[in-house]
């Protein structure tokens, strides 16, 4: 359906791409095509007004999320333990990439960064550790596609101050989104 973002078709294309050897690259192309027309995605998903993680599809082999970042919101370093593709349809998402410090396996150090803006689609490998910041004073919307069950895999996050590893906790992460919403409401 030309001229609109069809979420069902998008999800079906992502599922079909899983059958290929190059699924990660194929899904990156599907996400890139979707966010290349950010106004159409906005029309389908709505203008971001509240930070959160909205599951659009969850299965053992694929998760599709609509992630909304509050103004000036940051998530500390974390891993996914599966490949991902991040597509921005409004706003900006700054990623700092991290690696484990040799000889100090529970600590990380920064190795690079990438700012993602509307129309950008970035593939992340299954070993990537990154932190995310929305550096602008408005909400950012992104489609995140993961090569597995995003909520069903145990993974790590690193303390923002000490950079020491801990278990990733879904409830703690969701509280961070709610705290960011409260800050955004106070700032409005």
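Rule-based calculations on the coordinates, nothing more; no lab input. If you're wondering where the values come from, they're calculated on a predicted model, not measured in any experiment. All Cβ positions, glycine included, derive from the backbone under ideal geometry; neighbour counts span all protein chains shown.
A few comments on the model shown:
- Paired Rg and Dmax values of the range 1-87, which use every Cα atom, in angstrom: 13.7, 39
- Taking a point 7 Å from the Cα of residue 160 along the Cα-to-Cβ direction, the residues of the range 68-98 with backbone N closer than 20 Å to it are 68-80, 92-98.
- In this structure, residue 107 and residue 182 have a Cβ-Cβ separation that, at R0 = 25 Å, corresponds to a calculated FRET efficiency of about 0.25.
- Calculated mean residue ellipticity, 222 nm, the chain: -8500 deg cm²/dmol, from DSSP H runs (n ≥ 4) at -39500 (n - 2.57) each, averaged per residue and rounded to 500.
- Tensor-based shape of the range 109-188 (alpha-carbon gyration tensor, a/c under 1.5 rounded, otherwise prolate or oblate): rounded
- Taking 27, 86 and counting other C-beta atoms within 10 Å, the order from fewest to most: 86, 27
- In the chain, Cα pairs under 8 Å separated by at least six residues give a relative contact order of 27 percent.
- Kirkwood's formula applied to the C-alpha pairs of the range 12-54 gives a hydrodynamic radius of 11.9 angstrom.
- Relative intensity, log₁₀ I(q)/I(0), of the range 7-187 from a Debye sum that treats every alpha carbon as a point, q = 0.16, 0.18, 0.19 Å⁻¹: -0.98, -1.25, -1.38
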